[in-house]
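Below is one structure, written out as structure tokens, with a few remarks after it.
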Amino acid sequence: MLKELVEKKHFKFAKEASNWKEAIAMSCEVLELDNSIEKNYKEEIIKCIELYGPYIVIMPLVAIPHYKLNNKVKKTEVAFMKLEKPVNFIDNNTEKPVQIFFTIASCNANEHLNNISRLSEILMNENIVNKLLEAKNKEDLLSIQKKFIDK
């Protein structure tokens, strides 16, 4: 999966985001650039988080921004973003810092579940998550793919 993200240029490394809303917008940028999603897809994710809380924070330092299936998604894709400095989401006055974002855009439920399944395999491996937290560039992503996923 990481190799696919590099090949499609669906990755971004950034120093920081001023807040979680900017982080969500930044995590969608590479999908907007190749017209996988419409520009207002990020706004739908933000509205949903405002309504339901940070449901996208699935584990410490990791979030999977996504929104329900709709016509704002043109192609099913996944994007990766890593921030050097974590951004905080707040849930019941508890800070939930996030550095790694895997943004999912899906055209149908089967493709969505397939991407969630593929991401779950990656995120269940603590070594991979630790290496993703250390990653600084696309070469690091390819190295993680080769060392841990392509075995």
(request) First measure r as the distance between the Cβ atoms of E126 and S18, then evaluate 1/(1 + (r/R0)^6) with R0 = 25 Å and state the FRET efficiency to the nearest 0.05. (result) 0.25
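Taking the DSSP beta bridges in the chain as the whole, what percent of them are antiparallel, to the nearest 5?
Of all bridge pairs located within the chain, approximately 65 percent are antiparallel.
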(message) Cut-off under 17 Å on the C-alpha distance; same-chain residues fewer than 8 positions from K136 excluded. Which lysines are left, in chain and number order?
(response) K3, K9, K12, K15, K82, K85, K146, K147
(request) Subtracting the Cα-Cα distance from 0.36 nm times the residue separation, let me have the gained length for I149 to E84 in nm, one decimal. (result) 21.1 nm
(message) Can you show me the helix-derived [θ] at 222 nm for the chain, built from DSSP H runs with n ≥ 4 at -39,500 (n - 2.57) apiece and divided by the number of residues, rounded to the nearest 500.
(response) -12500 deg cm²/dmol
(request) Grab the beta carbon distance between D34 and E95, set R0 = 30 Å, and tell me the FRET efficiency rounded to 0.05. (result) 0.35
(request) Could you work out the Kirkwood radius for the stretch 2-149, taking every pair of different alpha carbons, averaging 1/r and inverting it, reported in Å? (result) 15.3
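Bear in mind that the values in this text are calculations on the coordinates, not laboratory data. Not measured: the values here are computed from a predicted model. Using ideal geometry, Cβ is built from the backbone for each residue, glycine included, and neighbour counts are taken over all protein chains shown.
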